[in-house]
Amino acid sequence: MTPDIKPLIAGNWKMNGLTAALSELRIVSDAVTPAIAARADVLLCVPATLIAQASSASYGSPLMIGAQDCHAAVSGAHTGDISAEMLVDAGAQMIIVGHSERRADHGETDAAVRAKAEAAIRAGVPAIVCVGETAAQRQAGKALTVVGGELAGSVPDSANAETVVIAYEPVWAIGTGLTATPDDVNEVHAFIRQELVLRFGAEGYRFRILYGGSVKPSNSAELLAVSNVDGALVGGASLKAADFLAIIGV
Ligand code: 13P
């Protein structure tokens, strides 16, 4: 944790969840009381198809609903894509951009991710910009170089701590059950902080830097205690209300 930064615990449902899954979301929204939200922001990024229903289901709760990707343009001839404005119109309060699964599955470049982050900001919501190295890159000793390059390329120049959240998600730790050690996380998060301060000056100290990759109830406290870890981006464990709530500390 970083003193004076309010943590963000975010769930990413990825391509999981039909209408019936809203029963899990309702359990979370009922449990996230104003007292809990006073010490941490809590967000669930559901599939785009569920954003409107999830917003209604959590109405009155401080639980925030988010999206997992957006198109960079406001509107136009982009069949099947969804703009940041449309996601916000449906109820999204934050948008993940540049997740490694999108970088891998859809060939998203840093420039594309930066344009999407700018789109989220344009639409009035913060972008959660994901960065992280693969196993091969880490083994080659290039973890910091890769993360530094993605940060430089994907984070807009206009970013500030209100409009951008960084998520460090080592690709080898996503969905594998392998978690980076607190020492690994400490090293990369300290590096990200340093890069943000170099680029944005004192503002760099205020950005939230989340850790993601096999975060679960059994390891979340240890990971969240690492300095410069200002929250978590949780995949699989966010699908079950009980696990997600345990990570939040409810
Ligand atoms: P897991 O928690 O399932 O490893 O997923 C992490 C992730 O990719 C969150 O965006």
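Across the protein chains, with a 1.4 Å probe defining accessible surface, the residues Tyr168, Tyr205 rank Tyr205, Tyr168 from largest area downward.
Assuming a strict under-24 Å limit between Cα atoms, what lysine pair count do you get for the chain once near-sequence pairs (fewer than 8 apart, same chain) are dropped? So the count of such lysine pairs works out to 6. Along the charge dipole of the chain, which of Ala167, Leu239, Thr181 sits closest to the positive end, that is, farthest toward it, with unit charges on the beta carbon of Lys, Arg, Asp and Glu (+1, +1, -1, -1)? Of the candidates, Leu239 comes out farthest on the positive side. Remark: the range 132-243 carries 40 Å² of accessible area per residue (probe radius 1.4 Å; ligands, DNA and RNA excluded). Rolling a 1.4 Å probe across the protein heavy atoms gives the range 1-122 an accessible surface of 46 Å² per residue.
Distant-in-sequence amide contacts of Ile82, defined by a placed amide H-H separation under 5 Å and a gap of 5 or more residues or a different chain, comprise His71. Carbon and sulfur atoms: what percent of the 1.4 Å accessible area of the range 1-152 do they account for? That share works out to 58 percent.
Rounded is the label for the chain, because a/c, from the alpha-carbon gyration tensor with a ≥ b ≥ c as root eigenvalues, stays below 1.5.
For the range 1-148, rounded, prolate or oblate, judged on the Cα gyration tensor with a ≥ b ≥ c (square roots of eigenvalues), a/c < 1.5 rounded, else prolate if a/b > b/c? Oblate shape, in that a/c is at least 1.5 and b/c is the bigger or equal ratio. Which of these, Gln68, Gln93, Gln194, has the largest mean-square fluctuation under a Gaussian network model of the chain (Cα springs below 10 Å)? Between Gln68, Gln93, Gln194, it is Gln194 that shows the largest mean-square fluctuation.
Using a probe of 1.4 Å on the protein chains alone, the accessible area found for Val125 is around 10 Å². Here the range 158-215 exposes an accessible surface that is 55 percent carbon and sulfur, computed with a 1.4 Å probe and the other protein chains kept in place. Put simply, the amide H of Asp230, placed in the peptide plane, has neighbours under 5 Å in Ile209, Leu210, Tyr211, leaving out anything fewer than 5 places away on its chain. Per-residue SASA remark: Met1, around 80 Å² accessible (1.4 Å probe; ligands, DNA and RNA not included).
Over all distinct Cα-Cα pairs of the range 164-250, the Kirkwood formula returns a hydrodynamic radius of 13.2 Å.
A Cβ-based charge dipole, computed about the Cα centre of the chain with Lys and Arg at +1 and Asp and Glu at -1, lands at about 200 debye.
Here is what passes the span test in the chain: the DSSP H helices with alpha carbon length of 24 Å or more along the helix axis and a Kyte-Doolittle mean of -1.0 or above are 182-200. Tell me the accessible surface of His71 in square angstrom (1.4 angstrom probe, heavy atoms of protein chains only), to the nearest ten. About 40 Å², rounded to the nearest 10.
A simple charge model with +1 on the Cβ of Lys and Arg, -1 on the Cβ of Asp and Glu and nothing else charged puts the dipole of the range 1-105 at about 200 debye relative to its Cα centre.
The values are calculated or read from the model by the stated rules, or taken from the named source; none is laboratory data. Quick caveat: nothing in here was measured; it's all calculated off a predicted structure. We place every Cβ from the backbone using ideal geometry, glycine too, and count neighbours over all the protein chains shown. These area figures cover heavy atoms from the full protein model, side chains too; ligands, DNA and RNA do not enter into them. Shrake-Rupley method; radii C 1.70, N 1.55, O 1.52, S 1.80 Å.
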